[in-house]
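Structure first, commentary second.
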Amino acid sequence: MAGRYRLGDPLGRGGMGEVYRATDEVLGREVAIKLLLPTREGLAATQRFQREARAAAMLCDPQVVATYDFGQHGDGFYLAMELVEGRTLSEELRSNGPMEPERALSIVRQVAAGLADAHRHGLVHRDIKPGNLLLTADDRVKIADFGIVRILGDTTTTLTATGQIVGTSHYLAPERARGEPAGAASDVYALGCVLYQLVTGHPPFMADDPASIMYQHVETMPTPPSELRPQLAGEFEALLFWMLAKDPADRPTAAEVTAGATPPAIARTQPLPVLPVLPVLPVRHRPSRNRLVAAAAVLLIALVATVSVVLDARSDKLPATTEFKPPVVSVPNTSAPPPAPARKASTTPQTSKPTSTPTRAKSADAGALAKPDEKAGEKAKEQKEQKAQEQEKDGKGKGKQEKSGRKD
């Protein structure tokens, strides 16, 4: 082919072409030749594909299959690439089944390193999947099939027609399923789908037709792999769901995945921590409402009794109190003879006992301390003394009258 490459056995076949083992007779080395299927766009398609093939040849990373040559063959085109002795990740999964988390992470981080170099050059792979990842005997990974890369910032150089979606539906990022251009975050999402498949044996979304799969990428959260393998819970699952975020802005970069960056938050699908098993306590029946009311009443009665005892104890230290009795009100004696009519006042000085007003005042001042019985006794005594004074006054008056009569 092209006067230079001698084709050998086929190595693989895809939707865009076939890959053969070949020998570069000019340089004397083994190469891989990819023959691309012819397109219906003529010269424009040839120019676009040639430019993108040159962009793939710009990459020189240990995790990327090197591109050596590009040319036309018959009605189609070819790419001469580095020959990697090994098999694809798809073949590895078919032979040995799901991988252990540590090995899967090692493979994915190698792929992320190759993608980070491509993204630094403004290239997007657009078709990351197990069939395009080659695994050597010593577990080194190389990214193949950069033939349909997209150059960021250049909308005129695309291999596909406007509106056409290239890639595989099982690994298609949500923004690409919506018809938006592919970006660096689209490759990270596809790599997350690959990681999911490496540990579970299948992609995160599956259906009978590509349209249903694309819908799930946009609207559905994948089943947490820890439900199939509990050992995947924790940091591994958090990283996986970080890469599978629906919003491209929420995903890590390929460089962050390579460096082993920690997710900003634990994924919501992470199970809760396992709590220690507590001993089983005997079942206690819930008390009825009537029992609760009765218990509250007993408690209230006990509280009242306690307060009463405390008050009784305090009452010994307070002044004693007696039963209140109304004061005795003296009523004038109507049976006593009326007082004699007033006569001429005598010039003889009369001696009379002091009134009991001070005594009453004193008793009034001490009323707070005197007993009601003592107050009544003092009142009666005062009345008796007042009556004696009146009788004495009457007697003296009569004596004076008799003496003046004898004089007359």
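Looking at Glu91, is it of a type outside the set (Gly, Ala, Ser), without any contact (Cβ under 8 Å) to a residue 12 or more places away in the chain and surrounded by 14 or more Cβ atoms within 10 Å (Cβ to Cβ)? For Glu91, the condition - of a type outside the set (Gly, Ala, Ser), without any contact (Cβ under 8 Å) to a residue 12 or more places away in the chain and surrounded by 14 or more Cβ atoms within 10 Å (Cβ to Cβ) - is met.
One residue stands out among those in the stretch 1-35 that are at pLDDT below 90 and among the charged types (D, E, K, R): the one that is nearest to Gln72 (Cα to Cα), which is Lys34. Which residue pairs have Cβ atoms under 9 Å apart, sit 6 or more places apart or on different chains, and have a first residue in the stretch 172-190 that is within 18 Å of Val257 (Cβ to Cβ) and a second that is of a type in the set (Asp, Glu) and outside any helix (DSSP H, G or I)? Within 9 Å, the pairs are Ala173/Glu180; Ala185/Asp247; Ser186/Glu180; Ala190/Asp127. Counting residues in the stretch 134-153 that are modelled with pLDDT of 80 or more, assigned to a helix (DSSP H, G or I) and either open to solvent by 30 Å² or more (accessible area, probe 1.4 Å) or over 15 Å from Pro210 (Cα atoms) (or both) gives zero. Taken together, Val188, Val218, Val199 contain a single residue that is open to solvent by 10 Å² or more (accessible area, probe 1.4 Å), assigned to a helix (DSSP H, G or I) and not basic (Lys, Arg), which is Val218. Applying a threshold of 9 Å to beta carbon distances and a minimum spacing of six or more residues, or different chains, the list of pairs starting in the stretch 198-209 at a residue that is under 21 Å from Leu134 (Cβ atoms) and ending at one that is of a type in the set (Lys, Arg) reads Leu198/Arg103; Val199/Arg229; Pro203/Lys129. Scan the stretch 57-80 for residues that are of a type in the set (Asp, Glu) and under 16 Å from Val111 (Cβ atoms) and the total you get is 1. From Glu102, Glu85, which residue is surrounded by fewer than 18 Cβ atoms within 10 Å (Cβ to Cβ) and outside any helix (DSSP H, G or I)? So the residue among Glu102, Glu85 that is surrounded by fewer than 18 Cβ atoms within 10 Å (Cβ to Cβ) and outside any helix (DSSP H, G or I) is Glu85.
The values are calculated or read from the model by the stated rules, or taken from the named source; none is laboratory data. The shown structure was predicted, so the numbers you read here are calculated from the model rather than taken from an experiment. All Cβ positions, even for glycine, are placed from backbone atoms using ideal geometry, and neighbour counts span all protein chains on display. The protein model used for the area step is the full one, side chains on, heavy atoms only, and it has no ligands, DNA or RNA in it. Shrake-Rupley method; radii C 1.70, N 1.55, O 1.52, S 1.80 Å.
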